[in-house]
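Engineer: For reference, the structure I am asking about is given below.
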Amino acid sequence: MQNPVAKVAVVGSGRSVCAATLARNGISVTLFDSARGPGGRMSQRREISEDGRELLFDHGAPYFTVTNPDVLSVVTEWESRGLVAEWKSNFGSFDCFTNKFVNTEHQERESKKYVGVPGMNSICKALCHEPGVDSKFNMGIGKFEWLEHENLWSLIGLDRQHLGHFKGVVASDKNIASPRFTAITGQPPPLDLSLAPELVKLHDIPIYPCFALMLAFNEPLSLVPAKGLSFTNSKVLSRANCESSKPGRSSTSERWVLHSTTEYAKDVIAQSGLEKPSKETLSKVGNEMLQEFLSTGLSIPQPFFMKAHRWGSAFPAASIAKEEKCVWSEKKKLAICGDFCLSPNVEGAILSGLAAASKLKGLIRTL
C-alpha cells in the first residue's frame, strides 16, 4: 500500500476553519470539495448581466453574529487580517399585512453583524490556502471506506478515482449518511452508518429548504429605510439584504438578495421534487418572489438582473450534538461537524469545526 498522502482529509470547504486549525498544529490536511470554489453556504455567486456587468451576491448567509468568546477570538483575528468587517447599517422588519416598517434600528442597538470582505467566501478562501492545507475543488466524495487492518480511511471520488489514505477524516455534509443523498443523486450515501454507532444521529437530519433570489437595480431603492429586512405576514419572503451596502462591495449597481420562507420552499419542492430544479421552476419562483417584493408599495423598480437559486437542504432544523459540538468516533478517527451539530448559523458551524479539530489533533499526535 502507498504511503498516506495526508494525515487528515477534510471534506467540505465550509469546514475550512477546522482544516486551518489542524494545519496550524502541524497536521497535514487535504481538503476536498465538490463545488468550484470554497464557502458552502458562505459562498459568493458571480453573475454577468446581459449588458456584460459583473454582479456579485452573497446568496447564502448574508452575515453572522458572535456571542461565544472562542469564536469572537477567531473572528477578531480574521478582522485583523482584513478577512471580515462589521456591516454597519440600518436593519428592520416589514409587515406585509400593514405594509409598514417596524423596529427599524441602527446597528448600535443590535449585535454586531460581520461579513466577509470582499465577499462572504473570503474567509473560507483564505483558510483553504493556509500552509499545510492542500485544497482540491470540483472533487466530490463517492465513498468513505474504512480499512480495518491498516487503521486508515480510503476515500473514493464520485468518478471512482482513488483519492488517498488518511489517518483521520472530518466531514461536514449533513446528508453524508442520509437517504436524502440517494433521493437527490440516485447514488448510495458515501458513508455507511454501520461503521460507527455514533453515526446513527446522521440518519435523517430534518432540514429547512429555502430559495434565494438575486436582484440588481440601476438605481438605489431610496424608499427602503433599512439595508437588512425581515418580513412578517408574508407567505413568500422571509428576509432581504442589500449586498451593495456591505463593506468592500462594488456600488456600481444596487444589488439585493431575497430569501423565501420555509413554507413557500416546501410547497415548491413538493410540486417539483428534490432533483435539481428546472429553469422553468426557478423562473416561476423568481417571478413570485419579486412580485411579493414589489407589492410592498415602496416604489421598487423592475430589476435589470434577476436569478433564483435553491438551497435544498442547507438549513438544519435540529441540533444533534449540542454537548460534544460534533459527532465523533474516536475508534475510527472520524468527526462530523457543522451547524447541524450545535446551532443553525455561522457561529455554530465555527464552534463545531473547532471542536472537530480539537478531537483530531489530540488523537493523531499520539499515533
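The values are calculated or read from the model by the stated rules, or taken from the named source; none is laboratory data. What you see is a predicted model, and the numbers here were worked out from it, not measured in a lab. A quick note on method: Cβ atoms are made from the backbone with ideal geometry, for glycine too, and the neighbour counts reach across all protein chains shown. Heads up: the accessible areas ignore ligands, DNA and RNA and are worked out on the full protein's heavy atoms, side chains in. Shrake-Rupley method; radii C 1.70, N 1.55, O 1.52, S 1.80 Å.
Engineer: At 1.4 Å probe size, with the rest of the protein present, what percent of the exposed accessible area of segment 80-191 is carbon and sulfur atoms?
Structural biologist: Ligands and nucleic acids excluded, carbon and sulfur give 49 percent.
Engineer: With the Cα gyration tensor of the chain in hand, give its eigenvalues times 5 under a square root as the equivalent ellipsoid semi-axes, listed largest first in whole angstrom.
Structural biologist: 37, 22, 18
Engineer: So what is the diffusion coefficient of segment 205-360 in µm² per second by Stokes-Einstein at 4 °C and 1.567 mPa s, using a Kirkwood Rh over Cα pairs?
Structural biologist: The estimated diffusion coefficient comes to 74 µm²/s.
Engineer: Count the lysine pairs in segment 280-367 that are 8 or more places apart or on different chains: how many have C-alpha atoms under 25 angstrom apart?
Structural biologist: Lysine pairs satisfying the spacing and distance rule in segment 280-367 number 15.
Engineer: Same structure again: Please compute the per residue accessible area over the chain with all protein chains in place, 1.4 Å probe, rounded to a whole number of Å².
Structural biologist: 46 Å²
Engineer: Treating the Cα atoms of segment 116-271 as identical point scatterers in vacuum, please give the log10 of the normalised Debye intensity I(q)/I(0) at q = 0.11, 0.14, 0.17, 0.19 Å⁻¹, two decimals.
Structural biologist: The Cα Debye sum returns log10 ratios of -0.71, -0.98, -1.13, -1.21.
Engineer: I've got another one for you. Segment 2-81: which trypsin sites (Lys or Arg not before Pro) are DSSP loop and have at most 13 other beta-carbon atoms within 10 angstrom?
Structural biologist: Here the trypsin sites (Lys or Arg not before Pro) that fit, given the DSSP loop and packing criteria, are ARG36, ARG81.
Engineer: Let's test the formula: R0 of 30 Å, r as the Cβ-Cβ distance of THR182 and LYS322. What FRET efficiency results, to the nearest 0.05? Write out the running numbers ahead of the final one.
Structural biologist: Working: r = 28 Å, r/R0 = 0.92.
FRET efficiency, THR182 to LYS322: 0.60.
Engineer: Can you compute the label reach from ALA35? Point 7 Å from Cα along the Cβ direction, backbone N cut-off under 19 Å, restricted to segment 186-212.
Structural biologist: Only 207-212 fall inside the zone, counting backbone N under 19 Å.
Engineer: What is the total of Lys pairs in segment 99-176 with C-alpha atoms under 23 Å apart, excluding same-chain pairs fewer than 8 positions apart?
Structural biologist: On the way: LYS112/LYS125; LYS113/LYS125; LYS125/LYS136; LYS125/LYS174; LYS136/LYS167; LYS136/LYS174; LYS143/LYS167; LYS143/LYS174.
Lysine pairs satisfying the spacing and distance rule in segment 99-176 number 8.
Engineer: Related question: If contacts are Cα pairs under 8 angstrom and at least 6 residues apart, what is the relative contact order of the chain in percent?
Structural biologist: 20 percent
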